[in-house]
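Below is one structure; the comments refer to it alone.
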Protein chains: 4
Amino acid sequence: MSLTAEQQAEIARSRSETRETRRVVAEGLEARLYEAVPVLDHGFVRVIDYMGDDAAIVQAARVSYGQGTKAARDDAGLIRYLMRHWHSTPFEMCEIKLHVKLPVFVARQWIRHRTANVNEYSARYSILDREFYIPAPENLAAQSTVNNQGRGAVLEGAEAAEVLRILKEDSTRAYDHYEAMLAQDDQQGLARELARMNLPANIYTQWYWKIDLHNLMHFLRLRADAHAQYEIRVYAEAICELVKAWVPAAYAAFEDYRLGAVQFSGPGMACLRRMLAGETVTQETSGMSKGEWREFEAALKG
Amino acid sequence: MSLTAEQQAEIARSRSETRETRRVVAEGLEARLYEAVPVLDHGFVRVIDYMGDDAAIVQAARVSYGQGTKAARDDAGLIRYLMRHWHSTPFEMCEIKLHVKLPVFVARQWIRHRTANVNEYSARYSILDREFYIPAPENLAAQSTVNNQGRGAVLEGAEAAEVLRILKEDSTRAYDHYEAMLAQDDQQGLARELARMNLPANIYTQWYWKIDLHNLMHFLRLRADAHAQYEIRVYAEAICELVKAWVPAAYAAFEDYRLGAVQFSGPGMACLRRMLAGETVTQETSGMSKGEWREFEAALKG
Amino acid sequence: MSLTAEQQAEIARSRSETRETRRVVAEGLEARLYEAVPVLDHGFVRVIDYMGDDAAIVQAARVSYGQGTKAARDDAGLIRYLMRHWHSTPFEMCEIKLHVKLPVFVARQWIRHRTANVNEYSARYSILDREFYIPAPENLAAQSTVNNQGRGAVLEGAEAAEVLRILKEDSTRAYDHYEAMLAQDDQQGLARELARMNLPANIYTQWYWKIDLHNLMHFLRLRADAHAQYEIRVYAEAICELVKAWVPAAYAAFEDYRLGAVQFSGPGMACLRRMLAGETVTQETSGMSKGEWREFEAALKG
Amino acid sequence: MSLTAEQQAEIARSRSETRETRRVVAEGLEARLYEAVPVLDHGFVRVIDYMGDDAAIVQAARVSYGQGTKAARDDAGLIRYLMRHWHSTPFEMCEIKLHVKLPVFVARQWIRHRTANVNEYSARYSILDREFYIPAPENLAAQSTVNNQGRGAVLEGAEAAEVLRILKEDSTRAYDHYEAMLAQDDQQGLARELARMNLPANIYTQWYWKIDLHNLMHFLRLRADAHAQYEIRVYAEAICELVKAWVPAAYAAFEDYRLGAVQFSGPGMACLRRMLAGETVTQETSGMSKGEWREFEAALKG
């Protein structure tokens, strides 16, 4: 993470000031407010603002006049019930605003989640910083040989060194040329909106991103998943920790009913019932394709 | 407005408690928090929570590290620029949550705005209160004779009395029958989700409604407009006052560039330019249909 | 279902005309186009238009240049894979437009699904028809005694008769008064937008409703479910048949991976693994609440 | 535009086949179906499918049983009325699906329009083609000296030559290295999802993009505007021509009431009325800021 002294001072100033409010306050998240959580080599996630807490979920579900309920324990029970039965609207009543610094190729995946509000740093107006994501050696994965989308073993030795050399040199050169095109001594300089096209997808951008808790959990379910690309998963994992600090009861329900949950298809349930009745079921007798059976067995193993 | 003593006590309790927060605070709206603003005969609007203030709009537009800017005056200028040029995403960075009590026929119009989060009091789970909207005599408008959608003069005398009698008697009877169907002494009682079908559209419902500032202003532009039905317009007007207290600079820009703005079509602009050059333009020479010309003249008169 | 002779003639005329198109055609749905499928006592669902077919899902997933793929069998396999792994965007590439006639209290549930386009018949401009939903005797359910939201046994005898009498009489009277308020001989008549407030929630309305296949399946999963209110479930079931005719491969995958699927929580999976290993697990040793355990057992039984 | 012979053959095959349908058909767009309209040096836009026509807008506005209306002239009048009064839902009843090939930096602007369905060619699964956007010399604009966001004069001579040399060389080298990292002889090759990060923002990607007519016109209003970046504007202009062929009446209304329309603020209207009354108004007496006044004068001049 590379914050300038000025940026660090602004964050420290924001963290040092408190005000009075009549609104509900989530103590766990107040402690983390504005703080930049490092992700990848130059990225971060930080919470800028939030609305609501666990009790606000319950309050909305009950359309109530007052602020909370009697017992935190009852709230947790209702929250679990709502999560289990896909009653999503009460979770939409909580909102969070993040400031995220992330490589462009990660931003391109992230933006596909449409139910959020976004303000991105503009490369039409402004000049981007010289910051590029260069993977740590342990994340330099080879193409999977069994899965078009996946990663295989980690590259090593000369091949790894060559990849890192290319990424670093190309980034440096691209940025040198970006700067050169923007302004050359006694020349006009290319328009910013054009010059940026020379920059590779590992350059960092940043945005303000605001989303409600229901849609955030949907994002986290997909992006904190083992199938997500490592470079976005680490952002999702950092956000998970912040959500846990914000709405602990909702996050616990999310872990049980989403992150840790397994869905079985109709045919899968038929097999499961046969197995519980003592029958030995194989792929051949399961009625499932090989791919489905492999996933079924993996789900049972956990 | 008909709040029970218990509801009033819950609201008073919420208003009396303050907490410390590191988040930005909108002083103007803090003063109005939780308070029920009366609308129509039994309805209300009250703010349950909010996120952001005028400075947060600017902060998002700049994707900045710190909290505010130096001068409120500069903020207002940027906000006016953003509003004028339809840069809507910074306004999406503010969010408000309202508790609204409103007649069902108003709720049916309101819900058509899809970019909001809603939790409505459920008539499947719960029993609705005996509260119906009965128009004040001055709002008992006749059908317009020139406009299918509009209202004409106010009904008077025997006709007005008869309408009020019908509305009151039918509401009372419908609710009596609703109660009777729900539970009759030694009988089972009809399911709530069925019994409610006997209730007319002037019964009150309530919901939590959460929306970002950009989409709220879009709602207000349509619903605070003179063409909106009176019964939803009074809610929009009450919300306008709350928005003014919340984000005064954004609201001022909204008044200038949305509520008070006029749009001229391409053909309308052509006429306008001819008129500014001294020409007298009539409907016949305008190239506009009679309806368009009537609206054009009305817009110029203001 | 109560279509006028004129409406039936318009539908017949639409069905009788064919045109040439270069677009993909779903033969199964062409056969059903425009036809009104009866639902409840006066309601219906009919398909007005559609875009795409099973092959279009595959085509979008592959971002391909041509229209289809070689083998329908391969398409079905890919569609199953996409559905199983929650790759929802290819399903969004199919779209359907329905004309639905439905009671207002059903419309109020339906409209909560926000990711659709809607044009509803306007009671501000127009006068509603005299058509009310009166449940068939076998659907006159009592309030559940174990579940706030549910239905219990069917009402019988005098109680049932009384409920039906109330619903019919109140509907008739409300509509008589609606008409009376709208126009009385030598009087002006109340504005339509006001008079409608006297009409109960079992009056029929109608709308055009357009939605993509992914969001439609989400709607169907919730509304064709056993927990949905009967009066909306019958619409969902009618639509399921139309979707089956339209995109048979996608519908089959939807049945296996959504309608017939079961999700187990993290704690549920832990129990399941113990059970498969031969252990007898009870609620007490499960780590689940009574409610969760009851649902867990029900899911295993199917 | 660089379509392979195979791609051209697939397009020709799609265009050559016709089928029977009962759906409405837009003759003007049928003629353009599947055809690739060239944009920029290697990009294109082509229509894959559509739903509805001008009559379908009217039909939805009226929630009608039949297919069309008597007179095309009446339809056009109603469409103009709907457009003028911001009745947007009937326009949402038409839908179009496009296949677009575009540089990544254009795709990043485009995707900000959230109310569309998208399937993008995946650089996690697949290998991107060696195709980069290199501006034509006449589009090699300098940074504006008066506007952070804008373009100034066109670069010329040595400076232009140097910019083109950089863009071409860096693109070529980046792609060479991309290929080298993916697979090197007896080495494993870097995962595709990682290797792509070396590719600059002028590489071409492609997607299927589906949107309703209302949201499409919103996109076109912003992106066919003179303030939009040239490289996205040319796509918007190509789409405008397709929309004109599809729904000519709606497009004509869109031209008059959106593309060619001008909005005046409240203060602007006050000035306008004074000017029409014969008064000479200057910036000093206008009550507007310099920026607003400049825009006001420009709007009057047209």
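The values are calculated or read from the model by the stated rules, or taken from the named source; none is laboratory data. Since the model is a prediction, treat every value here as computed from it, not as a measurement. Every residue, glycine as well, gets a Cβ built from its backbone with ideal geometry; the counts of neighbours run over all protein chains shown. Remember, those area values only see protein heavy atoms, side chains included, never the ligands or the DNA or RNA. Shrake-Rupley method; radii C 1.70, N 1.55, O 1.52, S 1.80 Å.
Couple of notes before you dig in:
- Given (1) of a type outside the set (D, E, K, R); (2) assigned by TED's automatic domain parsing to the domain that holds C:Glu95; (3) without any contact (Cβ under 8 Å) to a residue 24 or more places away in the chain; (4) closer than 30 Å to B:Ala183 by Cβ, index of the condition C:Ser122 fails: (4)
- Of the residues D:Asn147, D:Asn139, D:Asn215, the single one that is in the same structural domain as D:Val100 (by TED's automatic domain parsing) and not hydrophobic (A, V, I, L, M, F, W, C) is D:Asn215.
- Test result for B:Pro267, in contact (Cβ under 8 Å) with a residue 12 or more places away in the chain and over 25 Å from the mean Cα position of the chain (by Cα): yes
- Residues considered: D:Tyr133, D:Tyr121. Of these, the only one that is touching a strand residue (DSSP E or B) at 6+ places or on another chain (Cβ under 9 Å), within 8 Å of another protein chain (Cβ to nearest Cβ), surrounded by fewer than 18 Cβ atoms within 10 Å (Cβ to Cβ) and modelled with pLDDT of 90 or more is D:Tyr121.
- Only residues that are among the aliphatic types (A, V, I, L, M) and over 19 Å from A:Pro38 (Cα atoms) were counted in the stretch A:229-251, giving 3.
- Meets criteria (over 23 Å from the mean Cα position of the chain (by Cα) and in contact (Cβ under 8 Å) with a residue 12 or more places away in the chain) for C:Ala116: no
- Residue, farthest from D:Val37 (Cα to Cα), within the stretch D:191-213, restricted to residues that are more than 7 Å from chain A (Cβ to nearest Cβ) and in a helix (DSSP H, G or I): D:Ala195
- Exclusive hit being touching a strand residue (DSSP E or B) at 6+ places or on another chain (Cβ under 6 Å) and not aliphatic (A, V, I, L, M), set B:Phe254, B:Phe264: B:Phe264
- For A:Ile127, the stated conditions hold: it is more than 25 Å from the chain's Cα centre (by Cα) and aliphatic (A, V, I, L, M).
- Only a single criterion out of (1) at pLDDT 95 or above; (2) open to solvent by less than 10 Å² (accessible area, probe 1.4 Å); (3) not assigned by TED's automatic domain parsing to the domain that holds A:Ile96 is not satisfied by A:Trp207, namely (3).
- Candidate set from the stretch A:174-190 (those that are open to solvent by 60 Å² or more (accessible area, probe 1.4 Å) and assigned to a helix (DSSP H, G or I)); member that is nearest to D:Glu169 (Cα to Cα): A:Asp176
- The stretch B:4-24, residues that are touching a residue at least 12 places away in the same chain (Cβ under 8 Å) and surrounded by fewer than 18 Cβ atoms within 10 Å (Cβ to Cβ): B:Arg15
- Criterion violated by B:Leu213 - all others in (1) over 22 Å from C:Ala174 (Cβ atoms); (2) open to solvent by less than 60 Å² (accessible area, probe 1.4 Å); (3) out of contact with any helix residue (DSSP H, G or I) (no Cβ under 7 Å at 6 or more places or on another chain); (4) not small (Gly, Ala, Ser) satisfied: (3)
- Checking each residue of the stretch B:224-240 against the condition of being under 25 Å from B:Arg80 (Cβ atoms), within 12 Å of chain D (Cβ to nearest Cβ) and touching a strand residue (DSSP E or B) at 6+ places or on another chain (Cβ under 6 Å) gives no match.
- Scanning the stretch C:265-274 for residues that are closer than 11 Å to A:Leu300 by Cα and within 7 Å of chain A (Cβ to nearest Cβ) yields C:Met269, C:Arg273.
- Among all positions in the stretch A:33-52, there is at least one residue which is modelled with pLDDT of 95 or more, within 11 Å of chain B (Cβ to nearest Cβ) and open to solvent by 40 Å² or more (accessible area, probe 1.4 Å).
- Scanning the stretch D:81-117 for residues that are open to solvent by 10 Å² or more (accessible area, probe 1.4 Å), of a type in the set (A, V, I, L, M), within 13 Å of chain C (Cβ to nearest Cβ) and farther than 30 Å from B:Phe264 by Cβ returns a single hit, D:Ile111.
- Residue selected from the stretch A:216-255 under the condition of a type in the set (Asp, Glu) and at pLDDT 95 or above, by the criterion surrounded by the fewest Cβ atoms within 10 Å (Cβ to Cβ): A:Glu241
- For the stretch D:276-294, the tally of residues that are surrounded by fewer than 16 Cβ atoms within 10 Å (Cβ to Cβ) and not polar (S, T, N, Q) stands at 9.
- The stretch C:214-240: number of residues that are more than 30 Å from D:Phe91 (Cβ to Cβ) and part of a helix (DSSP H, G or I): 5
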